[in-house]
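Every read-out reported here was derived from the displayed coordinates using simple, explicitly stated rules and does not represent laboratory data. Computed from a predicted structure; not experimentally measured. Backbone-built Cβ (ideal geometry, glycine too); neighbour counts: all protein chains shown.
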Amino acid sequence: MSVLTRRHLLRRAALSASAATAARVSAGASTTAAVVGSAALASACDPDPESDPNRVPEPESRLGLRFPDGFGWGAATSAYQIEGAAKEDGRGESVWDTFSHTPGKTRGGDTGDVAVDHYHRYETDLDLMRELGLRTYRFSISWSRIQADGTGTPNQRGLDFYRRLVDGLLARDIAPMATLFHWDLPQSLQDAGGWESREVAYRFAEYADHVFRALGESVPVWLTINEPKTVVQNGYLHGHHAPGHRDPAAAYLVAHHLQLAHGLAVSALRAATAKSRIGPALNLHPCYPAVEGAEAEAATRLYDGYENRLYLDSVFKGSYPVDVLDDLGPDSRMVRAIRDGDLKIISAPVDLLAVQYYTPIYVTPSGGTVRRWPTSEATWQQIYPDGMYDMLTRIQRDYGDVPLTITENGLPTADTLDGDTVDDPGRITFLRDHLAAAHRAIAAGVPLESYHVWSLLDNFEWNEGYEQRWGLIYVDYPTLRRIPKRSAHWYRRVIADNGI
Ligand code: FCB
């Protein structure tokens, strides 16, 4: 079993590493090369032309789909990706400061030191949100602004910034949705073992408690941990995110502690207020067999365990999936770290599940992956809107009627500023097709209450630096001027019409 486990994990690590390398190489190549690459892929796998990100939609074309009254139209960001002001008002260093300042870790050595300077320009950004007509805005709180070293008395200046932001949203009739942790662990806690240390989960609960006591009821929806899986896979398996480790055994230990931290934060909110709601934010990937046959099906099932059930089952069923535990083996660091009562903490009832959908995964009989659809500028992302429908309906089937919000969905496009305009038809097509899939899920009875585009603004895309532009709003980095793209104008109309 342990041989199989090691083989499996090493294979996954190798695969992920090569996918990451491919992503870095193609994103660094010229636009022409990227387009030629995806065209070649497109003809090789004969994709649905509807999914082509380069297809220009009719700007006026309407699908005639109305969303339920009160549907939450939103956009999302995260602290390190937009705030900048890295050394201001008592903010401490996070693992992303360290990582981005380490030579060779991010494209072009880009860092979040300035990012899009949201910390100073948040009023401008709030006004842009109001002009878009957003009903909900999802942002994250930087732990190291609240506790520079990750412990102790909270830093009032850090709390004040988020108070101003939250009040600014409420004054504009936009519902705040705050994520407690979007990957920026205080560096001091990393030095003390990071998420490999169980203690860090308890520090997280204390931090959450400070934040809840300062802002709790003003924020109707709290999200605990953004994409624990990405920390596990990118941070600890193939190392292209902070803290940059390549250690499969540590990776799943980290998974358990992230889940534990989630559960402890849920209990902390319940102790602080009964008014706000809380849930996890999971990036879920529908996994499909790449070919027919029992072997591909079995490999897909296990892949799904690592991608989805590890995080879903622990929260919603109070158990880790047996196939994943078996694959890891009884002697694995994760399995040995699970204590009596942990799963009870992790499965403390939540009020909603935040789903982040970007791509499907096609699994081969040997447990590898292949691409089936054209990719966006991010070569890990295959464009397949039906995957969103499949995931939303599957959650309801497997986990019941938990209220759902989509907290991230979007793609990077090769945008250029032309005078005062940015034309990004590929984003309009992508959003429209994914919203149509979301609408189908609602029609099938899925309790989906809101949708957030990733992202409000172009921003620091982690190891990809500023090269990939994911925003509805273009940021001219030399001047930091904001220019709503054509997709932003389109989205404003979607919101006003409550439909596509
Ligand atoms: C998600 C992250 C978000 C952003 C998008 C493109 O995995 O949560 O910060 O990087 O991908």
From the phi of every residue in the stretch 280-286, what ³J(HN,Hα) in whole Hz does the Karplus formula 6.51 cos²θ - 1.76 cosθ + 1.60 yield, where θ is phi - 60° and glycine or proline is x?
-> x, 10, 10, 8, 10, 10, x
Expressed as a whole percent, how much of the Cα-Cα distance distribution for the stretch 90-226 exceeds 24 Å?
-> 33 percent
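At a 10 Å Cβ-Cβ cut-off, how would you order F212, F139, fewest neighbours first? Each step should come with its number before you reach the end.
On the way: F212 22, F139 26.
Placing the least packed residue first, the sequence is F212, F139.
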Listed by chain and number, the residues whose amide H is under 5 Å from that of T413, excluding neighbours fewer than 5 places away on the same chain and using placed H, are R469
Any lysines whose Cα falls less than 23 Å from that of K275, other than same-chain ones fewer than 8 residues away, would be K344
Between the residues L310, L128, A268, the Cα farthest towards the positive end of the dipole of the chain, that dipole coming from +1 and -1 charges on the beta-carbon of Lys, Arg, Asp and Glu, is from A268
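According to the Kirkwood expression over distinct Cα-Cα pairs, how big is the hydrodynamic radius of the stretch 358-500, in Å?
Details: mean 1/r = 0.0609 Å⁻¹.
That comes to 16.4 Å for the stretch 358-500.
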With a point put 7 Å past each Cα toward its Cβ, work out how far D497 is from D351 in nm, to one decimal.
-> 3.2 nm
Have a look at the chain and give its Rg and Dmax from the Cα atoms, expressed in angstrom.
-> 21.2, 62
If each part is reduced to its alpha-carbon centroid, the stretch 150-223 and the stretch 436-460 end up apart, in Å, by 25 Å
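With the Cα gyration tensor of the stretch 224-293 giving a ≥ b ≥ c as the square roots of its eigenvalues, does the rule (a/c under 1.5 for rounded; else a/b larger than b/c for prolate; else oblate) give rounded, prolate or oblate?
Working: a/c = 2.92, a/b = 1.55, b/c = 1.89.
Oblate, because a/c is 1.5 or more while a/b does not exceed b/c.
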Calculate, in nm to one decimal, what D331 and Y477 gain on full extension: separation in residues at 0.36 nm each, minus their alpha carbon distance.
-> 47.6 nm
Here the stretch 458-473 yields Karplus 3J(HN,Hα) values (6.51, -1.76, 1.60; θ = phi - 60°; whole Hz; Gly and Pro given as x) of 4, 7, 6, 8, 6, 5, 7, x, 9, 5, 7, 10, 9, x, 6, 10
Using R₀ = 35 Å, calculate the FRET efficiency as 1/(1 + (r/R₀)^6) where r is the Cβ-Cβ separation of T153 and V322; round to 0.05.
-> 0.20
Neighbour-count order for I346, I442, fewest beta carbons within 10 angstrom listed first = I442, I346
Just how large is the dipole of the chain about the Cα centre, in debye to the nearest 20, putting +1 at every Lys and Arg Cβ and -1 at every Asp and Glu Cβ?
-> 600 debye
For the stretch 135-185, the percent of all C-alpha pairs falling in each 5 Å bin, from 0 up to the bin holding the max distance, is 5, 21, 26, 23, 14, 8, 3
Take the stretch 279-378, compute every pairwise Cα distance, and split them into 5 Å bins from 0; I just need the percent in each bin.
-> 2, 12, 17, 20, 18, 15, 10, 5, 1, 0
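For the chain, return all DSSP H helices satisfying: extent of Cα atoms along own axis at least 30 Å; mean Kyte-Doolittle hydropathy at least 0.5. Don't skip to the end; give the middle numbers.
Numbers: long enough: 2-28 (38 Å, 0.27); 248-272 (36 Å, 0.88).
Span-like helices in the chain: 248-272.
With only Lys, Arg, Asp and Glu charged, each at its Cβ (+1 for the first two, -1 for the last two), find how big the charge dipole of the stretch 311-390 is about the Cα centre; round to the nearest 20 debye. Each step should come with its number before you reach the end.
On the way: 7 positive and 11 negative charges, 27 e Å.
Dipole of the stretch 311-390, to the nearest 20 debye: 140 debye.
Find the Cα radius of gyration of the stretch 153-254, compare it with 2.2 N^0.38 Å by division, and give the number to two decimals.
Working: Rg = 15.6 Å, N = 102, 2.2 N^0.38 = 12.8 Å.
Cα Rg divided by the expected 2.2 N^0.38 Å: 1.22.
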Computed ³J(HN,Hα) along the stretch 364-379: with the Karplus parameters 6.51/-1.76/1.60, θ = phi - 60°, integer Hz and x for glycine or proline, the list is 8, x, 8, x, x, 10, 10, 9, 10, 10, x, 9, 7, 4, 8, 5
